[in-house]
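Everything below concerns the one structure shown next.
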Amino acid sequence: MVQTSATPSAFERKARLEVLTLSTLGFTLMFAVWLMFGVLGIPIRKEFGLTDVQLSWLSAVAILNGSLWRLLAGILADRYGGRGVFTVMLLFTAIPAYLVSQATSYPALLLYAFLVGFAGNAFSVGIAWNAAWFPREQQGFALGVFGAGNVGASVTKFIGPALIASVPAAGYLGGLMPGGWRFVPFLYAVLLVLMALAMWLFTPRADRKPGQGRPFLEMLRPLRNIRVWRFSLYYVVVFGAYVALSAWLPKYYVDVFGLPLYQAALLTALFIFPASLLRPVGGYFSDRYGARRVMYWTFGLMLLASGVLMMPEGHIVLELASGNREVLPWHMSLWLFTALVFLIGTGMGVGKAAVYKHIPEYFPKDVGAVGGLVGMLGALGGFFLPPLFAYAQSWTGLPQTTFLVLFLLTLVAAIWMHLTVLSLLNRAAPHLEHSFEHSPEGGR
């Protein structure tokens, strides 16, 4: 009897659970490693006497290298199987993580930060791996659960300060185990090796390889489809901006609201948590209602919240019908700001899953290549947006322009999506108005 996706065998269910669980844990760890300099930067700056610009490059080069190889990593996962590729990535990343703990100069630290940033490419592997194991009607939820590993961005924020304070600077075992801030990358190196062993031993040996035997150039052919680039823009909005704001918000809280750094980090976590942990919810909604409808909700919520956040403080003048004027003072309170940022995080968390629900729908045999390109461009958005935030603030003198940039980026993506839907409906028939989710787009 042939097993269908609706009636999987006990072995199939067990295999899917193993792949989803181990890939999610591995991705969470890799994401924590990828963004660890956001917390380690303060003691590193003190020890090496770095300027703010020098310090910013540590995070920037890590984010850059965590973006560049996503396309290739996704293709390799489709071709050779996610199990082997993910295991190799974990082991490789452990090497520069250990070297970070041993760095004695800024140039060496910058090099090791770039190499350890390779961890960010694990996302493409996990997406392709899970898509190969789960049926279409469950892929949105499965990819959402896996993508919730983004919460790794907050792991170092919570455990880093405590570990730095609790482990003496001299370390243990005669310095073999370094102390202070160096203990964190050392610990991550050990955990990466252990995670690689667990992934190799406890996931199905007979892996699924949808791209096995296919020519490399054939696997790249879907990238000529404009739809892929549209999905990439969506992902810049919901993921690239997420990475950028995760790094930018602590500074914003400190500069605009005068908070101490530890409070700024905790309030930033209120943005990170929904933007990460709501991915499974976004996947479930995408499975149930369709990914494009979820993207409408996402863009609408983000436009509303960022539209308020981008307003400069001052006065709102109302022209009344009686001819009188009402002048209302406008001031953004800390709690209103935090609530609106939380809403943006909610939209991003749901939207990230919806973007990746699109990919196996339209490119079931090319999830690795398409998902890799979408992930690569989205992550590159996280590299380019912080400087854009800084330039916009420098040009205007208004910190609120951070959210003007986000508003305009979201608006462009929403308009492109809506024009595509209208074009589809105009070329089809009125009865497709409520069923466009799975209709062909004619290459759009």
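The values are calculated or read from the model by the stated rules, or taken from the named source; none is laboratory data. Note that the structure is a prediction, hence the values are computed from the model and not measured. Please note: Cβ atoms are built from the backbone with ideal geometry, for glycine as well, and neighbour counts cover all protein chains shown.
Structural remarks
- Residue that is nearest to T156 (Cα to Cα), among those in region 168-220 that are of a type in the set (K, R) and surrounded by 12 or more Cβ atoms within 10 Å (Cβ to Cβ): R182
- Annotation: V116 fulfils all but one of (1) buried (at least 22 other Cβ atoms within 10 Å of the Cβ); (2) in contact (Cβ under 8 Å) with a residue 60 or more places away in the chain; (3) within 15 Å of I44 (Cα to Cα); the unmet one is (3).
- All conditions in (1) more than 25 Å from F383 (Cβ to Cβ); (2) assigned to a helix (DSSP H, G or I); (3) free of Cβ contacts under 8 Å to residues at least 40 places away in the same chain hold for A108, with the sole exception of (1).
- Candidate set: region 166-208, residues that are hydroxyl-bearing (S, T, Y) and out of contact with any helix residue (DSSP H, G or I) (no Cβ under 6 Å at 6 or more places or on another chain); chosen: the one farthest from I95 (Cα to Cα): S166
- Test: residue in region 3-17 that is of a type outside the set (K, R) and at positive phi: no
- Just one of the listed residues (A103, A97) is in contact (Cβ under 8 Å) with a residue 12 or more places away in the chain and outside the structural domain of F239 (by TED's automatic domain parsing), and it is A97.
- Taking region 49-67 as the range and being assigned to a helix (DSSP H, G or I) and loosely packed, with under 15 Cβ neighbours inside 10 Å as the test, the residues that pass are D52, V53.
Residues checked against (1) closer than 20 Å to A198 by Cβ; (2) part of a helix (DSSP H, G or I); (3) touching a Ser or Thr at 6+ places or on another chain (Cβ under 9 Å):
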position	(1), (2), (3)
Y98	yes, yes, no
A122	yes, yes, yes
G144	no, yes, yes
N150	no, yes, yes
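- Applying the set (1) part of a loop (DSSP other than H, G, I, E, B); (2) modelled with pLDDT under 80 to F158 leaves exactly one unmet item: (1).
- From the list P360, P364, P387, the lone residue that is part of a helix (DSSP H, G or I), more than 16 Å from the chain's Cα centre (by Cα) and within 26 Å of A142 (Cα to Cα) is P360.
- Residue that is outside the structural domain of G345 (by TED's automatic domain parsing) and polar (S, T, N, Q), where the choices are N150, N225: N150
- Where a residue in region 73-90 is at negative phi and its partner, wherever it lies, is charged (D, E, K, R), with Cβ under 6 Å and at least six apart: R83/D207
- Residues of region 392-421 classified as out of contact with any Pro (no Cβ under 7 Å at 6 or more places or on another chain), at pLDDT 85 or above and more than 15 Å from R230 (Cα to Cα), total: 13
- Residues satisfying the stated conditions in region 268-304, i.e. under 23 Å from A162 (Cβ atoms) and either of a type in the set (V, I, T) or crowded, with 21+ Cβ neighbours inside 10 Å (or both): T268, F271, I272, S276
- The helices (runs of 4 or more DSSP H) located wholly in region 181-269 that include 2 or more residues which are among the β-branched types (V, I, T) occupy 183-202, 226-235, 241-257.
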